[in-house]
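These notes concern the structure reproduced below.
Derivation of every value follows stated rules applied to the coordinates shown; laboratory data play no part. Values in this document were obtained by computation on a predicted structure and should not be read as measured data. Cβ coordinates were reconstructed from backbone atoms using ideal geometry, including for glycine residues, and neighbour counts include every protein chain displayed.
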Amino acid sequence: MNPYQHYREKAARAERLADDPFQRADMRAELRSIARRWRHMAEQADWLVRSSRFIKA
């Protein structure tokens with residue numbers, strides 16, 4: 001599993017927890033924030049992989 005997929009799965013898990021109606025409102029907000037950070041890390045990992053392919057040449 002590459003880092004992009006790993007971070008996307010972590011973001012999806014945090015989003016599922018944030019959508020749980022039994023979570024407190026402040027916890028849901030925190031989980032959504034964490035999911036945004038994981039998605040951002042996934043985008044960075046994807047960008048690093050793509051840019052490193054061009055640098056090797």
Compute the relative contact order of the chain as a whole-number percentage, counting only Cα pairs closer than 8 Å that sit 6 or more residues apart in sequence. 44 percent
Could you work out [θ]222 nm for the chain from helices alone, using -39500 (n - 2.57) per DSSP H run of at least four and dividing by all its residues? Round to the nearest 500 deg cm²/dmol. -29000 deg cm²/dmol
What distance in nm separates the two pseudo spin-label positions at residue 37 and residue 15, each 7 Å out from Cα along the beta-carbon direction? 1.8 nm
Hey, what's the Cα Rg ratio for the chain versus the globular rule of thumb, 2.2 N^0.38 Å? 1.41
C-alpha long axis of helix 25-55 to longest principal axis of the chain, angle in °: 10 degrees
For labels at residue 6 and residue 24 in the simple 7 Å Cα→Cβ model, what's the distance in nm? 3.1 nm
